[in-house]
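For reference, the structure discussed in these notes is given below.
The values are calculated or read from the model by the stated rules, or taken from the named source; none is laboratory data. Computed from a prediction, not measured in an experiment: that's the story for all the values here. Cβ placement follows ideal geometry from the backbone for every residue including glycine, while neighbour counts extend to all protein chains displayed.
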Amino acid sequence: MNPRTTVRPFLTARDGGATLAEQPALPLAEAGHLPSLLVDTSRRFQVMEGFGGAFTEAAAVTWQRLGEGQRAQLLRDYFDRDAGHGYTLCRVHMNSCDFALGNYAHVEVPGDVELKSFNIDRDRQALLPFIQAALRVARRPIKLLVSPWSPPAWMKSNGEMNHGGKLLPQYAQAWARCFVRFIQAYEAEGVPVWGVSVQNEPAATQRWDSCTYSAEEERDFVRDHLGPELAAAGLGHIRIVIWDHNRDGMVERASVVYSDAEAAKYVWGTGFHWYGGDHFDHVQLVHDAWPDKQLLFTEGCQEGGPHTGSWELGERYARSMINDLNRWTVGWIDWNLLLDETGGPNHVGNLCSAPILADTAGDALMHQSSYWTIGHFARFIKPGAWRVLCASARHELEATAFLNPDGSTVTVATNRHGHVLHFALEVDGRRWNAALPPRSIASFVLDPT
């Protein structure tokens, strides 16, 4: 077969054991009567930044508990561009989050507005060694998004890092300078920062690390403090992401911030999560209203425990990733890279799943369906790829398509139903007959012509 006229399918299915398994190549087909999955690479949309997950203290300490072989395997599985997912876009928390071992801040001394006590000693224990090891395996830069869950307790209206509260106005400038100091400290450790979000989930008062901002408060903090402080420190290239919360409220938040030209000039784009309903239309609305701003999925996981062995877990990822990408999202960041068999550790018991779970007693990695699903995107859609026109004639067949920098075309399609889906994959006028087994996902790769 001519590799330039054959499509290489890679399959993961609930039944039969296939996980990112290459299938027999599809030969060119004649015209027929199958419903089409149409791809037109001449119609191009957004350019991808990449895919990845979050470095959390929970993930880092769990990784450190593994034996040397399993630690190396986890890094290969996520960051090796040949043998793994090749992650290039990740997230880390500044100060503690719920997936830390407890509350901590980088400036613990009350009233230290000059940040004389600022340090990242806590991060040097687990987080930074984990990130640095990942960078060595990746052998290329990882775009790192920094997100705070809470300012130090003494900067807040409620005097604690948990249970919401607000940033006190008299500490806004010092808090903005904390972003600068954190970026500089990480870069001194060989870990460059790509972007920051203003606040993780600013509309949520949680029993864990949290801080609320109204849309107007976030706008003003970016305009009057964070944007100018980054610029003054020579960090104007650092991307600022607003919202960093669920899709349901992203249109309102973007409207308030982007309507202020002075604030908007500092903002790269809107980040969003998947909790609290799909609202995929809101992702599209933000793009349509502000096409010069970017869209970034910054967090998603299955809540309520580890969900070990769940196939539905991967299907949630597939549906979200396809729908978000088809609505102009330029990057997709999963939550914890690794958790233990309980779905933790988490200092308030907010246990969740992760694509890879660690059996810490048995020193084993447990790859979940979400891991394989993410791989169908991350392994084949490269940074710099253009999303291209992709239209399915079968409503059960959900799909997206990309044109890679090397000229290869990747179409990712999923079947969340209990029957086989037959269709004709049509790419730029050529046709291949294909089928997706029940409850499966596949990546169809057409090499450069």
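Pairs are defined by a Cβ separation below 8 Å, a sequence spacing of at least 6 or placement on different chains, a first member in segment 102-120 that is farther than 9 Å from Trp154 by Cα and at pLDDT 95 or above, and a second member that is surrounded by 14 or more Cβ atoms within 10 Å (Cβ to Cβ) and among the basic types (Lys, Arg); the pairs so defined are Tyr104/Arg122; His106/Arg122; His106/Arg181; Leu115/Arg177; Leu115/Arg181; Phe118/Arg181.
Of the listed requirements (1) in contact with a His (Cβ under 7 Å, 6 or more places away or on another chain); (2) of a type in the set (Val, Ile, Thr); (3) over 30 Å from His347 (Cβ atoms), Thr56 misses just one: (3).
Counting only strands (runs of 3 or more DSSP E) that sit wholly inside segment 305-390, those with at least 1 residues that are under 29 Å from Asp288 (Cα atoms) are 329-336.
Has segment 258-271 got any residue that is closer than 19 Å to Asp334 by Cα, without any contact (Cβ under 8 Å) to a residue 60 or more places away in the chain and out of contact with any Asp or Glu (no Cβ under 7 Å at 6 or more places or on another chain)? The answer is yes; a qualifying residue exists. The single condition among (1) crowded, with 16+ Cβ neighbours inside 10 Å; (2) at pLDDT below 95; (3) of a type outside the set (D, E, K, R) that Val267 does not satisfy is (2).
Residues in segment 140-191 that are surrounded by fewer than 23 Cβ atoms within 10 Å (Cβ to Cβ), assigned to a helix (DSSP H, G or I), of a type in the set (A, V, I, L, M, F, W, C) and without any contact (Cβ under 8 Å) to a residue 40 or more places away in the chain: Ala188 alone. Residue count for segment 391-409, restricted to those that are without any contact (Cβ under 8 Å) to a residue 40 or more places away in the chain and either part of a strand (DSSP E or B) or surrounded by 18 or more Cβ atoms within 10 Å (Cβ to Cβ) (or both): 1. Remark: pairs (first residue in segment 420-437, in the same structural domain as Thr12 (by TED's automatic domain parsing); second residue at pLDDT 95 or above and of a type in the set (Ser, Thr, Tyr); Cβ separation under 6 Å; 6+ apart in sequence or on different chains) = Ala424/Ser36; Glu426/Ser36; Val427/Thr409; Asp428/Thr41.
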